[in-house]
Each structure stands twice: as C-alpha cells, then as structure tokens.
1. For a quick check of your reading of the model, give me the residue pairs whose first member lies in region 103-120 and is in contact (Cβ under 8 Å) with a residue 60 or more places away in the chain, whose second is small (Gly, Ala, Ser), with beta-carbon atoms closer than 9 Å and at least 6 apart or on different chains.
2. Got at least one residue in region 78-88 being crowded, with 17+ Cβ neighbours inside 10 Å and among the charged types (D, E, K, R)?
3. Check Ala98, Ala147 and return the single one that is free of Cβ contacts under 8 Å to residues at least 40 places away in the same chain, surrounded by 13 or more Cβ atoms within 10 Å (Cβ to Cβ) and under 23 Å from Gly170 (Cα atoms).
4. Ala9 fails exactly one of the following numbered conditions: (1) assigned to a loop (DSSP other than H, G, I, E, B); (2) at pLDDT 60 or above; (3) surrounded by 10 or more Cβ atoms within 10 Å (Cβ to Cβ); (4) outside the structural domain of Thr119 (by TED's automatic domain parsing). What is the number of that condition?
5. Can Ala142 be described as free of Cβ contacts under 8 Å to residues at least 60 places away in the same chain and within 17 Å of the chain's Cα centre (by Cα)?
6. Filtering region 73-119 down to residues that are in a loop (DSSP other than H, G, I, E, B) and out of contact with any strand residue (DSSP E or B) (no Cβ under 9 Å at 6 or more places or on another chain), which residue is farthest from Ala147 (Cα to Cα)?
7. For residues that are surrounded by 13 or more Cβ atoms within 10 Å (Cβ to Cβ) and either at pLDDT 95 or above or under 15 Å from the mean Cα position of the chain (by Cα) (or both), tally how many sit in region 117-134.
8. So for region 156-166 (the condition being surrounded by 15 or more Cβ atoms within 10 Å (Cβ to Cβ), at positive phi and touching a residue at least 60 places away in the same chain (Cβ under 8 Å)), does at least one residue qualify?
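The values are calculated or read from the model by the stated rules, or taken from the named source; none is laboratory data. All values derive from a computational prediction rather than experimental measurement. For neighbour counting, all protein chains shown are included, and Cβ atoms are generated from backbone atoms with ideal geometry for every residue, glycine included.
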Amino acid sequence: MITETMPEANTEPGTEAATKRPGRGRLIAIVVVAILLLGAGAARAWWPEQKADVRAGTTLVTAEGMAARYGIDVNLIGVTAAGGLIEFRYQVVDPDKADRMMNDTTLLPIIVVEESGATMVISRPHHAAEPQLGGTYFFLFANAHNAIHAGSQVTLVMGDARLEHIVARG
C-alpha cells in the first residue's frame, strides 16, 4: 500500500506560503461592494430625483389676472375619454397674448393635482391656427395614473402665474 503525503507548508516569513493572495471570502466581499456601488449609480440614472414643485416661484393670480397675462379665460378642466385624458379648454380674450401662450413652450399650461402634487404636462400645443378673439381652444393632457377625477382640485400653472382651486369636471 502506497500513501502519498503532502509536504507541510513552510510558513516562515519570506516563503511562498506566507505571501498568499487574499482569501477567497475577501475577494468575494470586494466584488459584492463594487457591484453594489455600480448598481447604486445606475439606479440614480434610471430613477431621477424628485423634481421641484412647478408651483414654487409662481405668482397666485385670479381668473382675471390669468386673462390679463395670457389672454385667455379658463372655461374647463375636465376628465374625458373614460378618465384617460384631461381637457383644458379656454376662450381667447386677447389674441396676441393667447398666441404667445399657445406657441411659446415655456408658457405651455401645466396642471397640478393639489392633493397629491401629481403634475400633468404636454409637450407641444395642439393648434396651428392663429387664435381668434372669442374663439374656444383646448389642450389635452394624458391623465397619468388616473391622478385627476371629477371633483379633484387642481392648479393651472402657466409661465410665472398659477390659478388655484379649479375643480375638475367629469
């Protein structure tokens, strides 16, 4: 019967056994930490930080004040299309101001649900024609996550002005 024996490791300083690489457990821990750090960076890119409230820094105006600034009289904010869309309907009282509002992307209307802060925005106006005095026009917003229902109180933000406590109709 032949048995092989392994030579005992020499653990004297300066020998090969004394200069081993870090243990396998330490290497795994380093890799896990690196993955977590990379994952945190990717998550930050995929889930942007909460945006500031669009109402901040705006001036509270009355319906008359909104008409004086932007040339429109707000007629309706209503839930339509089985709850999937929000219609913002208005009548033009000053065509020059209304034209600016309809075509300047910094003045496009934004609707904020007062209870939750949910914000509805549109990317561009729906009208190409010049507004006419007395004409009625509208914008449609996607009702993201069914945030607005009949009876919801909303704030309309346009440029640096906001009109609060508008009750959405169904």
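1. Thr119/Ala144; Thr119/Ala147
2. Yes; the residues of region 78-88 include at least one that is crowded, with 17+ Cβ neighbours inside 10 Å and among the charged types (D, E, K, R).
3. When all the criteria are applied, what remains is Ala147.
4. Evaluating Ala9 over (1) assigned to a loop (DSSP other than H, G, I, E, B); (2) at pLDDT 60 or above; (3) surrounded by 10 or more Cβ atoms within 10 Å (Cβ to Cβ); (4) outside the structural domain of Thr119 (by TED's automatic domain parsing) leaves (2) as the failure.
5. For Ala142, the condition - free of Cβ contacts under 8 Å to residues at least 60 places away in the same chain and within 17 Å of the chain's Cα centre (by Cα) - is met.
6. The residue in question is Asp104.
7. Start the filter on region 117-134 by keeping residues that are surrounded by 13 or more Cβ atoms within 10 Å (Cβ to Cβ), which leaves 117-122, 125, 127, 130-131.
Now restrict to residues that are either at pLDDT 95 or above or under 15 Å from the mean Cα position of the chain (by Cα) (or both): 117-122.
The total comes to 6.
8. yes
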